[in-house]
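Note sheet for the following structure.
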Amino acid sequence: MLVTPAAQPGAAARPVALFVLGAPRSGTSALTRVLSLCGATLPVGMAGADRNNLRGYWEPRAALHINNTILHRHGSTVFDTSLRLQDDGGLDAEQKAACVGEIQAYLSTLPSAPLVVIKDPRITLLSGLWFEAARQAGFDVAVVIAVRHPREVIASGEAALLAQPELASALWLKFNLLAERDSRGLPRVFVDYANFLDDWRREVKRISVALDIDLDARDEGAIKDFLTSDLHRQRHSGPVTEPFGTDWITVVNDALCAAASDEPLDQAALDHVFESYRASERGFRTALENSHRLHKIHRFMPPRFLKLRNEIVALANRRSGTWA
């Protein structure tokens, strides 16, 4: 599905902050690097390669620090499956303003260029703050959403992040639902990772047309050297695994794949899954928090203490009636 910005005749051109959103292990690194080799400018100070991503993450270290700080400050991490921060009241107006100010200060240091590409999966969790900060820093905002088969993401997360399939599945849902929901109304395009590796020129053209940006300054030799077959180590297709007794992952995957093929996006179906996920995670989160609290209390009460307590209560009731 393509969403293009409205024309504004006579308006001075503003630089574009192009955000690459999506779940971790969805191909966002490869997308970002190729976009940078097609003319988009990267921030300085990248997070480099490691054993889990031998070609580099293409994430600004400063952005990583800002996002980790905001998440930590508000009791969350990148592995948080809850929507506590995204719920109404998750951040109050003062807290939001402080976060936007931190991000804006960073964005104001970006290289002067007509198109800057910014990627860190954590931005997907805090995208409203980043979008607002980008506008205040003088940028127009555009979005590329990476789409990848959930079984590939889950397998990659298990291998690289030691995330069990249930956790990886919940994170896949959360990141994809937020990426789609929070980018509504913005110039955006969905890009399937398998399609991108199969024909990057076609997908870069789709991005360029959808977002009305110039991606013609291509270093094709560097792209060819970068996009090798080992970037697609996890290969899966067909039905997805549903670990939660629902069809949520199937519904979301079908909707995003359709959008990545320029078919209509079933927004109503995504809304239904989002509301169901939110209600379920809120209920289970409340139950688990209560469980942990009571568990801690009772862990300090050994069986002999409970036995003594029961005998004292029996004596107090003269070992009669129901205490006989």
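The values are calculated or read from the model by the stated rules, or taken from the named source; none is laboratory data. It should be emphasised that the depicted structure is a prediction, and the values quoted were computed from it without experimental measurement. Note: ideal-geometry Cβ built from the backbone for every residue, glycine included; neighbour counts use all protein chains shown.
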From the options Asp192, Asp216, Asp212, Asp199, residue that is closer than 13 Å to Ala260 by Cα and of a type outside the set (A, V, I, L, M, F, W, C): Asp192
Among Arg33, Arg61, which is the only one that is among the charged types (D, E, K, R), surrounded by 18 or more Cβ atoms within 10 Å (Cβ to Cβ) and either closer than 19 Å to Leu107 by Cβ or touching a residue at least 60 places away in the same chain (Cβ under 8 Å) (or both)? Arg33
Could you figure out which of (1) in contact with a Ser or Thr (Cβ under 9 Å, 6 or more places away or on another chain); (2) farther than 21 Å from Thr250 by Cβ; (3) of a type in the set (A, V, I, L, M) isn't true of Ala168? (2)
Restricting attention to the stretch 41-58, does a residue exist that is among the polar types (S, T, N, Q), closer than 30 Å to Ser280 by Cα and modelled with pLDDT of 95 or more? no
Out of the residues in the stretch 268-324 that are exposed (fewer than 10 other Cβ atoms within 10 Å of the Cβ) and among the hydroxyl-bearing types (Ser, Thr, Tyr), which is nearest to Trp248 (Cα to Cα)? Thr322
Quick check on this structure: which one of Asp271, Asp262, Asp247 is closer than 30 Å to Trp200 by Cα and charged (D, E, K, R)? Asp262
Per the filter on the stretch 107-129, residues closer than 24 Å to Ile70 by Cα and more than 13 Å from the chain's Cα centre (by Cα) are Leu107, Ser108, Thr109, Leu110, Pro111, Val116, Val117, Ile118, Leu129
If I go through the stretch 70-84 residue by residue, how many of them are in contact (Cβ under 8 Å) with a residue 12 or more places away in the chain and either closer than 20 Å to Phe19 by Cα or small (Gly, Ala, Ser) (or both)? 5
Answer with yes or no whether Trp130 is among the hydrophobic types (A, V, I, L, M, F, W, C), within 26 Å of Glu275 (Cα to Cα) and crowded, with 16+ Cβ neighbours inside 10 Å. yes
Please pick out the residue among Val204, Val252, Val273 that is part of a helix (DSSP H, G or I), over 23 Å from Gly157 (Cα atoms) and either among the basic types (Lys, Arg) or touching a residue at least 24 places away in the same chain (Cβ under 8 Å) (or both). Val204
What number of residues in the stretch 132-172 are part of a helix (DSSP H, G or I) and closer than 23 Å to Tyr106 by Cα? 5
Scanning the stretch 103-131 residue by residue, the ones that are in a helix (DSSP H, G or I), farther than 14 Å from Val16 by Cα and touching a residue at least 60 places away in the same chain (Cβ under 8 Å) total 4
Select from the stretch 181-201 the residues that are assigned to a loop (DSSP other than H, G, I, E, B) and buried (at least 16 other Cβ atoms within 10 Å of the Cβ) and list them in ascending order. Ser183, Leu186, Pro187
Quick one: in the stretch 38-53, of everything that is surrounded by fewer than 23 Cβ atoms within 10 Å (Cβ to Cβ) and in contact with an Asp or Glu (Cβ under 8 Å, 6 or more places away or on another chain), which residue is farthest from Leu107 (Cα to Cα)? Gly39
Taking only pairs six or more apart or across chains, which ones have beta-carbon atoms under 8 Å, a first residue in the stretch 285-309 that is closer than 30 Å to Ala170 by Cα, and a second residue that is small (Gly, Ala, Ser)? Arg285/Ser82
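Conditions tested, residue by residue: (1) basic (Lys, Arg); (2) surrounded by 16 or more Cβ atoms within 10 Å (Cβ to Cβ); (3) closer than 14 Å to Arg33 by Cβ; (4) modelled with pLDDT under 90.
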position	(1), (2), (3), (4)
Asn176	no, yes, no, no
Arg206	yes, yes, no, no
Val209	no, no, no, no
Asp212	no, no, no, no
Lys224	yes, no, yes, no
His236	no, yes, no, yes
Thr241	no, no, no, yes
Residues (in a loop (DSSP other than H, G, I, E, B), in contact (Cβ under 8 Å) with a residue 60 or more places away in the chain and not polar (S, T, N, Q)) located in the stretch 255-270: Asp262, Glu263, Pro264, Leu265
Going through the stretch 83-102 in order, the residues found to be in a loop (DSSP other than H, G, I, E, B) and among the aliphatic types (A, V, I, L, M) are Leu83, Leu85, Leu91
